[in-house]
Amino acid sequence: MTAPIPRDIPDLPAVPGPPALLPSPVPAAAVVTPVSRPLAAVCRLLVAALATGGVTLALLLGSPARVLSYFTVQSNILLAVVCVFSARRAWTARRPLPSAVTGATLLYVVIAALVYHLVLAPSTTTPFTMTGAPASGWHTLANQLLHTVAPAAAALDWLLLTTPGTLRLRKTATWMLYPLAYLAFSLARAELLYLPGAPARYLYPFLDVDQHGYKSVLANALLLGLSFYGLAVLLVALDHLRPNLVRYRAHHHPKTGFRLRPPVG
């Protein structure tokens, strides 16, 4: 037999301080109805179309093997692919792509834009082209699409249609792997596929070993790499400082009573 429950149970002492809310192990996606975001999907498809148009035009104007070897073209192809997948997720109310992927993509197209506008365009007597042919109106259009319009559209998408504070500083070192791999690819391409002095051997003048030597080229690469890393850190800092321009729609869960906001990206 069990002991009878006493009628008079002494009051427990009050816990000092305000009650603390325990963290819930249930993710927001489990209690919030997913919301389709057609506006974000359409905008990202437009960004993908701009990048694809620039790449297609450059391919039509020059040798595909040469054009596809440029960092600008590769980063814009990555931008188009990421924007298409991101648009699909926004349209079908799925969770957004990881911020490490979208942040790296934005960083690469911004790098291409800054290198073009700050290094390539001012330092050449003739307009820079990625085809080796004399510049024309179509070359100018391709350059502007890949180096100005598509990066600007990607930056606007990031500022206006994504939630701030999602990028992480610990990912910035990982983002540097692609520029480092591209440096190795560019030097190996020149040594294995072209004879010394060939006009298409080096795609960027600051990586021209024939003209500057390996010591100067590696010094240039180190300076650019440090600048790229600083840009990545600045991008993360801006992500945590920028205002939240996304309008949320709060959702009420009938069982838990939680009012939560779905992740936006």
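Quick rundown of the values:
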| item | result |
| --- | --- |
| Peptides 162-169, 99-106, 194-201, 76-83 ordered by average Cβ neighbours within 10 Å, highest first | 76-83, 99-106, 162-169, 194-201 |
| Reciprocal mean inverse distance between Cα atoms of the stretch 191-244 - Kirkwood radius, Å | 13.5 Å |
| Calculated from backbone phi, Karplus (6.51, -1.76, 1.60) coupling profile of the stretch 79-89 in Hz, x at Gly/Pro | 4, 4, 5, 5, 5, 5, 5, 5, 5, 5, 5 |
| Bins of 10 Å, starting at 0 and running to the largest distance - Cα pair percent for the stretch 102-239 | 10, 36, 35, 16, 3 |
| Square roots of five times the Cα gyration tensor eigenvalues for the stretch 29-141, Å | 34, 14, 11 |
| ³J(HN,Hα), Karplus 6.51/-1.76/1.60, whole Hz, each residue of the stretch 181-186, x for Gly, Pro | 5, 5, 4, 4, 4, 5 |
| Per-selection metrics, the stretch 140-220 (Cα): Rg and Dmax in Å | 17.4, 49 |
| Ratio of the Cα radius of gyration of the stretch 53-101 to 2.2 N^0.38 Å, where N counts its residues | 1.42 |
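Quick note: the coordinates plus some simple rules give every number you see, no bench work behind them. Computed from a predicted structure; not experimentally measured. Neighbour counts are summed over all protein chains in view; Cβ atoms, including those assigned to glycine, are modelled from backbone coordinates with ideal geometry.
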